[in-house]
Amino acid sequence: MHIQTKCVHSGKGIDTITKGLNTPIFPSSAHEYLDTDDVIYPRYFNTINQKVIVQKICDLEGAEDGIIFSSGMAAISTALLSFIKPSDHVIFQDEIYGGSYAFIEKFFKQFKISYSFVANNAESIKSAIKPATRIIYIETPSNPLLSIIDIQAIAKIAKQNNCISIIDNTFATPINQNPIKLGIDIVIHSGTKYLGGHSDLSCGAVLTTSNLAHKIRKNASNLGGNLNALSCYMLERSLKTLSIRVKQQTENAFQIANFLDNLSIVKKVYYPGLSDHPGHSTACEQMNGFGAMLSFELDGSNLTIYDFMKRLNIIKPAVSLGGIETTICDPVTTSHAKVSAEVRASQGITDSLLRLSVGIENIEDLIKDIKQALEI
Ligand SMILES: Cc1ncc(COP(=O)(O)O)c(C=O)c1O
């Protein structure tokens, strides 16, 4: 099946009572256990609604097995903690979501796990490998500067050095990028973003091999972070339209990036679809589309970024991303507020940076909204 068909048809639960087309919602947290082999319990990650949604996302990513969580951070923290012990070493690319960064800084230090944040390229990651390195963790395109790293090269380095490779694939979505096919061991999503897609749901997903999923699931049942039946159902419903949503969002983002790139009052546009983006050629090779996230810096406008955001009518200043509505935020006070000012500055996350999550609205309306807010 093609991915559009998988979005609609993969992982359906069967409604034997009414023969309805949709998976029934099974809300029970208590299940009878005598005379059964498999004790069902939400925190064991084995309810029908959890299994159905995992099957769907596994099919979309080409994974053998997976786990559905109540947030992206539950997915990230549980996956990382499943494979490390004190004195192990983990390599992270230096530009990642601020919440992931904050988790690493706090808990890795506390549990004496050593780690290195290194520049977003395969050579730097390779030279950071130590005998104790267990995991290589990347995020591409990255939040918020849309940096691109060569996924296949990272997967190869990880395999050659007996490390587990992990990617946060939130920005790309399974529609625009399938890292497992490029050799990555574990794919993570904040499903709160594009998978849910309507800004009304918090969830996260880990997609991987049966063997690794089994290990993560065992830890997940100790750590918690399970997703409830109603949210599983909402996510399943959302995923049916993932491919058309992301296709439209990607097309709109491409046009907005080009529009902004041609404005003299925009200093810089970060979008992997622009031919002068440093990761453009790698993105062309490893992505099916350039995604619907972009960042830019205003320069020479009389407006502050806050004035600009307030003047927008259709586009809403909001935290989070990936919804069907276009939203905007400044990473310094939102997604990367927990990253120190020095680290942000070293990565190029400036006070005038704005991050746009492009929705499915009509492109002319979106560009008109930006123009009137910029007073051009
Ligand atoms: C790239 C990325 N990964 C992970 C997360 C964390 O996801 P959640 O907020 O669902 O825990 C976010 C949240 O913004 C994100 O942008």
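The values are calculated or read from the model by the stated rules, or taken from the named source; none is laboratory data. For clarity, every value in this text was computed on a predicted model and none was experimentally measured. We place every Cβ from the backbone using ideal geometry, glycine too, and count neighbours over all the protein chains shown.
Each residue in region 123-141 was checked for being farther than 10 Å from V90 by Cβ and outside any loop (DSSP other than H, G, I, E, B), and 7 pass. Being among the small types (G, A, S), within 22 Å of D59 (Cβ to Cβ) and in contact with a Pro (Cβ under 8 Å, 6 or more places away or on another chain) is a condition met by at least one residue of region 229-238. Of the residues V187, V206, which single one is under 26 Å from N22 (Cα atoms) and either in the same structural domain as L80 (by TED's automatic domain parsing) or among the aliphatic types (A, V, I, L, M) (or both)? Residue meeting the stated conditions: V206.
The set of residues in region 5-14 being in a loop (DSSP other than H, G, I, E, B) and surrounded by 13 or more Cβ atoms within 10 Å (Cβ to Cβ) consists of S10, G11, K12, G13. Condition test on T282, is it within 20 Å of Q177 (Cβ to Cβ), of a type in the set (S, T, Y) and in contact with a Gly (Cβ under 7 Å, 6 or more places away or on another chain)? Answer is no for this residue. Of the residues making up region 315-329, not a single one is in a helix (DSSP H, G or I) and either out of contact with any strand residue (DSSP E or B) (no Cβ under 9 Å at 6 or more places or on another chain) or not assigned by TED's automatic domain parsing to the domain that holds A172 (or both).
Counting only helices (runs of 4 or more DSSP H) that fall entirely inside region 15-122 and contain at least 2 residues that are away from the ligand (no atom under 15 Å from the Cβ), the qualifying elements are 48-61. Does region 328-337 include one or more residues that are within 16 Å of the ligand (Cβ to nearest atom), free of Cβ contacts under 8 Å to residues at least 60 places away in the same chain and over 18 Å from E95 (Cα atoms)? Yes, region 328-337 contains a residue that is within 16 Å of the ligand (Cβ to nearest atom), free of Cβ contacts under 8 Å to residues at least 60 places away in the same chain and over 18 Å from E95 (Cα atoms). Taking the criterion of being more than 16 Å from the ligand (Cβ to nearest atom) and in contact (Cβ under 8 Å) with a residue 24 or more places away in the chain, the residues of region 307-324 that qualify are F308, M309, R311, L312, N313, I314, I315, I324.
Kindly check whether there is at least one residue in region 203-219 that is under 25 Å from S281 (Cα atoms), modelled with pLDDT of 95 or more, crowded, with 24+ Cβ neighbours inside 10 Å and within 18 Å of the chain's Cα centre (by Cα). No, every residue in region 203-219 fails to be under 25 Å from S281 (Cα atoms), modelled with pLDDT of 95 or more, crowded, with 24+ Cβ neighbours inside 10 Å and within 18 Å of the chain's Cα centre (by Cα). Only one entry in I186, I265 is β-branched (V, I, T) and modelled with pLDDT under 95, namely I265.
Taking region 239-252 as the range and being touching a Phe, Trp or Tyr at 6+ places or on another chain (Cβ under 9 Å) and of a type outside the set (V, I, T) as the test, the residues that pass are L242, R245, Q249. Does L274 satisfy the condition of being closer than 21 Å to E64 by Cβ and among the hydrophobic types (A, V, I, L, M, F, W, C)? Taking the combined requirement at face value, the residue does not satisfy it. Would it be correct to say that G348 is modelled with pLDDT under 95 and either assigned by TED's automatic domain parsing to the domain that holds P317 or closer than 30 Å to A102 by Cβ (or both)? So G348 fits the description; yes. Per this entry, N228 is counted among residues that are assigned by TED's automatic domain parsing to the domain that holds G62, farther than 27 Å from V358 by Cβ and surrounded by fewer than 24 Cβ atoms within 10 Å (Cβ to Cβ).
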